[in-house]
1. Can you name the condition, by its number, that Asp165 falls short on among (1) outside any helix (DSSP H, G or I); (2) over 15 Å from Phe34 (Cβ atoms)?
2. Would you check if Gln151 is within 16 Å of Ala84 (Cβ to Cβ), open to solvent by 30 Å² or more (accessible area, probe 1.4 Å) and polar (S, T, N, Q)?
3. I want to confirm something. Restricting to region 61-106 and keeping residues that are farther than 25 Å from Trp131 by Cβ and aromatic (Phe, Trp, Tyr), which single residue is most open to solvent (accessible area, probe 1.4 Å)?
4. Just to verify a result, which residue in region 122-148, among those that are buried (at least 18 other Cβ atoms within 10 Å of the Cβ) and more than 14 Å from the chain's Cα centre (by Cα), is nearest to Ala35 (Cα to Cα)?
5. Suppose the filter is of a type in the set (Gly, Ala, Ser), within 24 Å of Glu129 (Cα to Cα) and either open to solvent by less than 20 Å² (accessible area, probe 1.4 Å) or assigned by TED's automatic domain parsing to the domain that holds Pro181 (or both); does Ala29 pass it?
6. Kindly provide the set of residues from region 82-138 that are β-branched (Val, Ile, Thr) and in a helix (DSSP H, G or I), ordered by number.
Amino acid sequence: MTTDALHPDLAAGQRGPADHAIRQQIIDAADAHFARFGYGKTTVADLAKAVGFSKAYIYKFFESKQAIGEAICAQCLEKIMSAATAAVYEARTPTEKFRKLFSTITAKSTELLFQEKLLYDLAANSATEQWPSALGYLARVEASLREIILQGREAGEFERKTPIDETSSAIMLAMQPFMHPLLLEFNLDGLPENQTRVINLILRSLAP
């Protein structure tokens, strides 16, 4: 049985006790190191030196540099998802919830990912290589979207004919330019106007 199986709260590639304070210390040191030197140019040996531990000791908590990167991405994506969830909760109607979900995701992503260019590189790497943290985040966004669509159908705001799977997957594809780090970078100058145009178009297509 793997360590991850023994500790289901751990992300992929993490080892040891799930609540170990040293784990967060390593993550924080790696976050700062990646921001300064970049994910690609950083080795586990560099992180060990920065945090003051041996390489072997770091491997007690993470099986690879990617596992550390995933932990950082997971924390960043959790901040984005939490902000979006809070915004959706405060919205009154399904239409408003829809707008809040995607506008908040884009605003928070821009705030977190583009403050530090080298941390953006880590996020882009995560999305491009489809790390579990990135895939899990997209699954959570789509689950929230599906719930909003169902609420809109029940309230009579959205059409009911199109299968929910087709609707939600198509919307996720349409919103990728404002969610995927690599695509979002090329759309920064047009925010928030261009995203609002796309959201308006989608909402018109959802009208009963």
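1. Single failed check for Asp165: (1).
2. Values: within 16 Å of Ala84 (Cβ to Cβ): yes; open to solvent by 30 Å² or more (accessible area, probe 1.4 Å): yes; polar (S, T, N, Q): yes.
When the stated conditions are applied, Gln151 passes them.
3. Within region 61-106, the match that is most open to solvent (accessible area, probe 1.4 Å) is Tyr89.
4. Here the residue is Leu145.
5. no
6. Residues satisfying the conditions are Thr85, Val88, Thr95, Thr104, Ile105, Thr106, Thr110, Thr128.
Here's the yes/no breakdown for (1) more than 16 Å from the chain's Cα centre (by Cα); (2) within 15 Å of Ile27 (Cα to Cα); (3) aromatic (Phe, Trp, Tyr); (4) assigned by TED's automatic domain parsing to the domain that holds Gly38:
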residue: Lys55; (1), (2), (3), (4): yes, yes, no, yes
residue: Tyr59; (1), (2), (3), (4): yes, yes, yes, yes
residue: Ala83; (1), (2), (3), (4): no, no, no, no
residue: Phe98; (1), (2), (3), (4): yes, no, yes, no
residue: Leu101; (1), (2), (3), (4): no, no, no, no
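The values are calculated or read from the model by the stated rules, or taken from the named source; none is laboratory data. These numbers were taken from a predicted model, which means no experiment stands behind them. Because the Cβ atoms are built from the backbone with ideal geometry, glycine has one as well, and the counts that use them run over all protein chains shown. Protein only, heavy atoms only, side chains kept; ligands, DNA and RNA dropped before computing areas. Shrake-Rupley method; radii C 1.70, N 1.55, O 1.52, S 1.80 Å.
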